[in-house]
1. For region 47-63, check the following and say yes or no: at least one residue is modelled with pLDDT under 95 and away from ligand 1 (no atom under 16 Å from the Cβ).
2. Would you pick out the residues in region 83-94 that are within 14 Å of ligand 2 (Cβ to nearest atom) and surrounded by fewer than 18 Cβ atoms within 10 Å (Cβ to Cβ)?
3. Output the qualifying pairs, or none if there are none: Cβ atoms under 8 angstrom, residues six or more apart or on different chains, first residue in region 93-116 and touching a residue at least 12 places away in the same chain (Cβ under 8 Å), second residue of a type in the set (Asp, Glu).
4. Considering only residues that are among the aromatic types (Phe, Trp, Tyr) and within 14 Å of ligand 2 (Cβ to nearest atom), look in region 38-71 and name the one that is surrounded by the fewest Cβ atoms within 10 Å (Cβ to Cβ).
5. Suppose we filter Ser13, Ser33 for residues that are of a type in the set (Ser, Thr, Tyr), away from ligand 1 (no atom under 14 Å from the Cβ) and modelled with pLDDT of 95 or more; which single one remains?
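The values are calculated or read from the model by the stated rules, or taken from the named source; none is laboratory data. None of the values given here were measured: they were computed from a predicted structure. Neighbour counts are summed over all protein chains in view; Cβ atoms, including those assigned to glycine, are modelled from backbone coordinates with ideal geometry.
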Amino acid sequence: MDGHNYGYNLPISEKTKMVPWEEKVRIVEEVKSDFRFKEYIFGCLNCGVCTASCPSNRFFDFSPREIVQRFLEEDVEVLYDMMHEYIWACSQCFTCWIRCPFVNNPGGLVAIMREVAVRNAFEATKDLLKPYGRVLLKVMTTGNQLSADMLQPDFFPDWGPKMADNMENLRAKRLAIPFDVGKSVKTAWEVSLETAIEMYTIWRETGIFEMLEKLDPNLYNVIMDIVEENEERYQELYGEEE
Ligand code: SF4
Ligand code: SF4
């Protein structure tokens with residue numbers, strides 16, 4: 001029979017069926033070994049309140065109740081299958097957590113599942129994250145997702161003449177911002193070299209760079225060039241003081 005006979009109506013993918021059982025168990029155990037797991041799942045009435053209030057459920061075949069139930073039943077096959085595309089439908093709003101009478105946190109479970117999916121560089125995860133490469137580059141190299149000079153009137157004609165007014169003398173307006181980090185035009189705020197170096201240290205220690213390398217080696221190389229350049233600059237400026 002295609003699909004699960006209770007609740008999870010999506011057919012188990014052929015790819016999941018081909019994966020050795022031990023590997024599926026390993027992945028599910030990796031999720032369960034996360035220190036947050038025990039704080040996100042306490043039991044389940046199967047009441048469906050989480051799914052009824054889940055915004056993603058309105059648009060996709062996606063159910064937080066299903067995720068909680070599958071963990072409680074230790075349904076390795078379905079959980080492994082969910083970790084490829086299913087989990088990416090969650091919008092991480094945490095309404096499920098607020099509403100659940102057991103204070104389960106299905107959105108939190110999804111967050112752990114996503115982290116494991118990224119760490120294990122699943123193909124579906126690579127495909128899903130591909131369109132966000134530019135955003136990731138901008139965030140990881142400047143600490144910003146948007147810059148002031150991106151708000152060009154031509155890009156936002158529906159905002160009317162106010163946008164053209166806003167952009168006039170943009171540099172002077174940004175310089176008038178009464179705090180130093182806001183004076184930049186090419187970024188929404190400027191991240192100091194010290195802060196950048198702290199972030200690189202955190203990303204190294206927590207395995208973020210390692211994850212990125214597995215997911216997108218090209219993007220990893222571009223980002224690491226900038227990271228190493230900044231680290232050298234930092235070393236030149238402060239190396240002897242340390
Ligand atoms: S956090 Fe995810 S699962 Fe929970 S209500 Fe929001 S979209 Fe649904
Ligand atoms: S709201 Fe809580 S108890 Fe009810 S189905 Fe969802 S996870 Fe289970």
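1. Within region 47-63 (the criterion being modelled with pLDDT under 95 and away from ligand 1 (no atom under 16 Å from the Cβ)), the answer is no, since none of the residues qualifies.
2. The one that is within 14 Å of ligand 2 (Cβ to nearest atom) and surrounded by fewer than 18 Cβ atoms within 10 Å (Cβ to Cβ): Phe94.
3. Every condition considered, the pairs that remain are Asn105/Glu39; Gly108/Glu39; Ile112/Asp34; Glu115/Asp34; Val116/Glu30; Val116/Asp34.
4. Result: Phe42.
5. Result: Ser33 is the single residue among Ser13, Ser33 that is of a type in the set (Ser, Thr, Tyr), away from ligand 1 (no atom under 14 Å from the Cβ) and modelled with pLDDT of 95 or more.
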